[in-house]
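Notes for the one structure printed next.
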Amino acid sequence: MHKNKNEKFDLSLDTLRHSASHLLAHAVLELFPGTKIGVGPAVEDGFYYDFLREEPFTHEDLKSIEERMKQISDRDIPIEKFLCTKEEAVKLFKDLGQDLKIELIQEKGGKEVSCYRQGDFVDFCLGPHVPSTGVLKHFKLLSVSGAYWKGDERGQQLQRIYGTAFFSEEDLRDHLKMLEEAKKRDHRKLGPELDLFSTNEMLGGGLILWHPKGSAVRTVIEDFWRKEHYKEGYELIYSPHIAKLRVWEISGHTQFYDALYPPLISDNVKYQIKPMNCPFHIMVYQSKQRSYRELPLRWGELGTVYRYERGGVLHGLLRVRGFTQDDAHIFCRSDQLEEEIRRTISMALRMLGTFGFNDFDVYLSTRPEKFSGSVSDWDEATGALEKALNAEKIDFSVDEGEGVFYGPKIDIKIKDALKRSWQCTTIQLDFNLPEKFDLSYVGEDGGFHRPFMIHRALLGSLERFFGILIEHYNGNFPFWLAPVQTIIIPIADRHNPYVSQLNQELKKKEIRTAVDSRREKVGYKIRDAEKSKVPIILLVGDKEIEDKTVSVRIHKKGDKGQFEFKELLEKMLNFNKNKDLEIIL
Ligand SMILES: [Zn+2]
Ligand SMILES: [Zn+2]
């Protein structure tokens with residue numbers, strides 16, 4: 001997070017938060033002498049510091065640490081940088097009893113070592129920092145959790161204290177309010193409550209069980225996805241879940257990709273469970289000689305992949321070990337590149353917009369220091385990405401040097417209802433795999449040419465996207481996405497036959513419907529339906545049967561009066577067809 005490495009004092013939010021992490025460590029050392037300190041960077045939305053200490057930090061401890069941080073801030077101690085030799089730095093931290101720091105200095109320190117001091121507190125650190133502790137006023141400690149020294153699970157177990165800091169009290173308050181709201185709509189809480197999905201330790205962490213209701217939503221998403229792809233001239237394919245290890249040696253995954261599961265061995269041949277779908281699509285390409293006339297080829301697959309993630313980082317649907325990418329690969333000629341990128345961007349924005357996401361940040365990442373392919377290829381491709389973005393009139397930021405080694409890319413981050421950013425779409429050019437697998441097509445000139453390859457996922461993965469949707473809507477899915485779209489409640493038992501008739505009619509029209517014929521009071525059933533966030537509740541009694549109507553309640557909006565059943569059904573079909581986000585009767 002040391003984004004700004006120059007010596008100039010530069011008060012970015014990252015700098016402020018990094019300084020707040022020093023303040024945290026300073027306070028901990030004053031209150032709990034003998035604690036050993038690890039690392040303390042700024043992170044997205046805040047900062048943390050890692051500590052090695054026998055006893056766990058309690059909630060009460062966090063309060064007193066925060067109190068002490070305020071005191072140190074009031075002392076307004078200057079924060080000063082100083083340089084020393086590696087030997088001097090090692091001696092300094094030895095005297096302070098900070099073994100972990102010594103380890104870091106030995107590993108990362110050059111001849112000259114950069115340190116920061118504020119009063120008695122010293123840290124091995126590149127900075128930059130705020131000029132004095134008094135600058136830090138608006139901060140809050142949030143939580144403590146386990147962490148491993150250098151992220152290594154065989155390493156020492158540390159305690160990580162998280163906090164956040166802002167320039168103003170108002171910003172801090174807004175952020176804390178947002179965190180409160182986010183906690184309420186946490187998909188890990190709503191998932192089981194609404195019976196959407198679960199995980200199971202017996203099964204293994206990071207592997208998702210999609211319950212019938214979650215699967216119903218997924219089916220709607222998948223059906224929409226497929227239709228959109230056919231409309232855009234894609235063809236859809238299926239590929240296996242394992243392939244010989246050799247494939248992944250050629251693709252470079254065994255060398256460069258550290259999330260591979262260990263290979264399986266069968267008949268003395270090693271097989272690899274797939275972390276990506278790309279090589280399979282490449283092999284479909286290679287199944288015959290391709291001609292320039294066939295290009296572009298656009299092949300999509302809802303491809304399930306498996307990647308190893310450390311247990312500690314798994315997080316509900318957002319960080320998992322098995323997931324289904326809404327993947328596709330486009331093979332095209334260089335003269336088609338810009339148009340293909342353009343189409344992909346507008347398709348992504350259209351699809352995300354249909355789900356209710358209309359607020360985006362777009363990033364273009366350019367050539368990193370280590371790259372494959374030629375500089376001229378990179379320039380041509382990066383130019384095409386830029387032209388495509390401009391042609392679509394999209395504001396974007398350039399992440400200089402942040403491209404992946406195999407090509408430049410465009411990332412689209414959506415903003416949810418709480419203004420949180422989520423990376424969904426990624427569109428990546430690849431100079432590496434076509435080379436590695438020696439892909440070619442016969443050009444108009446009769447010679448062999450290498451096609452361009454584009455990897456792209458629009459939603460990201462179905463698991464992650466579902467998690468984002470749940471939180472964005474707080475479980476109140478729009479009608480077209482809701483797992484159960486309408487529930488019919490008979491007022492008395494004698495209304496059951498008519499209700500099941502309506503139920504059948506709705507099902508025939510592919511409305512996801514249920515009947516609550518339990519012998520409970522109507523009010524109780526309505527409350528239950530509201531709790532499970534069913535968008536439309538239908539009540540049927542004597543009067544409704546006589547008039548061929550239903551009484552309609554909209555979730556969170558209440559009673560809407562009687563509607564002719566046929567007329568209401570027509571409206572529901574329209575909500576589905578138009579993918580409306582609001583129910584307006
Ligand atoms: Zn630091
Ligand atoms: Zn790919």
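The values are calculated or read from the model by the stated rules, or taken from the named source; none is laboratory data. Since the model is a prediction, treat every value here as computed from it, not as a measurement. Note: ideal-geometry Cβ built from the backbone for every residue, glycine included; neighbour counts use all protein chains shown. Side chains are part of the model used for accessible areas, which takes the heavy atoms of the whole protein and leaves out ligands, DNA and RNA. Shrake-Rupley method; radii C 1.70, N 1.55, O 1.52, S 1.80 Å.
One line per residue, one yes/no per condition, for (1) within 16 Å of ligand 2 (Cβ to nearest atom); (2) in a loop (DSSP other than H, G, I, E, B); (3) aliphatic (A, V, I, L, M):
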| residue | (1), (2), (3) |
| --- | --- |
| Arg17 | no, no, no |
| Ala25 | no, no, yes |
| Leu29 | no, no, yes |
| Gly34 | no, yes, no |
| Phe57 | no, yes, no |
| Glu60 | no, no, no |
| Ser64 | no, no, no |
| Glu67 | no, no, no |
| Ile72 | no, no, yes |
Within the range 27-57, work out how many residues are hydroxyl-bearing (Ser, Thr, Tyr) and modelled with pLDDT under 95. 0
Is it fair to say Thr486 is open to solvent by less than 10 Å² (accessible area, probe 1.4 Å) and either within 15 Å of the chain's Cα centre (by Cα) or over 23 Å from Arg342 (Cβ atoms) (or both)? yes
Considering residues that are among the small types (Gly, Ala, Ser) and in contact with a strand residue (DSSP E or B) (Cβ under 7 Å, 6 or more places away or on another chain), the number found within the range 491-523 is 3
Cβ-Cβ under 6 Å pairs, at least 6 apart or on other chains, the range 217-232 side of a type in the set (Val, Ile, Thr), far side open to solvent by 20 Å² or more (accessible area, probe 1.4 Å) and not in a helix (DSSP H, G or I): Val217/Pro483
Could you list, in sequence order, the residues of the range 239-264 that are open to solvent by less than 40 Å² (accessible area, probe 1.4 Å) and either of a type in the set (Phe, Trp, Tyr) or touching a Leu at 6+ places or on another chain (Cβ under 7 Å) (or both)? Trp248, Ser251, His253
Where Phe93 falls short, out of the listed (1) more than 35 Å from the chain's Cα centre (by Cα); (2) open to solvent by less than 80 Å² (accessible area, probe 1.4 Å); (3) more than 16 Å from ligand 1 (Cβ to nearest atom): (3)
Per the list (1) within 16 Å of ligand 2 (Cβ to nearest atom); (2) in contact with a helix residue (DSSP H, G or I) (Cβ under 6 Å, 6 or more places away or on another chain); (3) not basic (Lys, Arg), residue check on Phe280 breaks on (2)
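So that you can scan it fast, the table gives a plain yes or no per residue for (1) touching a residue at least 12 places away in the same chain (Cβ under 8 Å); (2) of a type in the set (Gly, Ala, Ser); (3) farther than 30 Å from Glu55 by Cβ:
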position	(1), (2), (3)
Gln156	yes, no, no
Gln159	yes, no, no
Ala165	yes, yes, no
Arg185	yes, no, yes
Gly191	yes, yes, yes
Phe197	yes, no, yes
So which strands (runs of 3 or more DSSP E) are wholly in the range 116-225 and hold at least 3 residues that are within 16 Å of ligand 1 (Cβ to nearest atom) and either farther than 20 Å from Ala482 by Cβ or among the aromatic types (Phe, Trp, Tyr) (or both)? 121-124, 157-166
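Name the residues in the range 284-297 that are within 13 Å of ligand 2 (Cβ to nearest atom) and touching a residue at least 60 places away in the same chain (Cβ under 8 Å), would you?
Across the range 284-297, the qualifying residue is only Tyr285.
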Cross-chain or 6+ apart pairs with Cβ under 8 Å, the range 303-330 first and farther than 21 Å from Leu469 by Cβ and open to solvent by 40 Å² or more (accessible area, probe 1.4 Å), then of a type in the set (Val, Ile, Thr) and assigned to a loop (DSSP other than H, G, I, E, B): Glu309/Val320
Enumeration of residues in the range 445-465 that are away from ligand 2 (no atom under 16 Å from the Cβ) and out of contact with any helix residue (DSSP H, G or I) (no Cβ under 7 Å at 6 or more places or on another chain): Asp445, Gly446, Gly447, Phe448, His449, Glu463, Arg464, Phe465
Any idea which of Pro296, Pro240 is touching a Cys at 6+ places or on another chain (Cβ under 6 Å) and modelled with pLDDT of 95 or more? Pro296
Counting only residues that are open to solvent by 10 Å² or more (accessible area, probe 1.4 Å) and either among the charged types (D, E, K, R) or within 16 Å of ligand 2 (Cβ to nearest atom) (or both), which one in the range 111-133 is nearest to Ala27 (Cα to Cα)? Asp120
Flag if Phe82 is farther than 23 Å from Gln159 by Cβ, in contact with a Lys or Arg (Cβ under 7 Å, 6 or more places away or on another chain) and within 16 Å of ligand 1 (Cβ to nearest atom): yes
Is it the case that some residue within the range 274-283 is polar (S, T, N, Q) and surrounded by fewer than 16 Cβ atoms within 10 Å (Cβ to Cβ)? no
For the range 350-359, which positions are surrounded by fewer than 20 Cβ atoms within 10 Å (Cβ to Cβ) and of a type outside the set (Lys, Arg)? Gly353, Thr354, Gly356, Asn358, Asp359
Give the range 365-384 a look and list any residue that's buried (at least 18 other Cβ atoms within 10 Å of the Cβ) and in contact with a helix residue (DSSP H, G or I) (Cβ under 6 Å, 6 or more places away or on another chain), or say none. Thr366, Arg367, Ala384
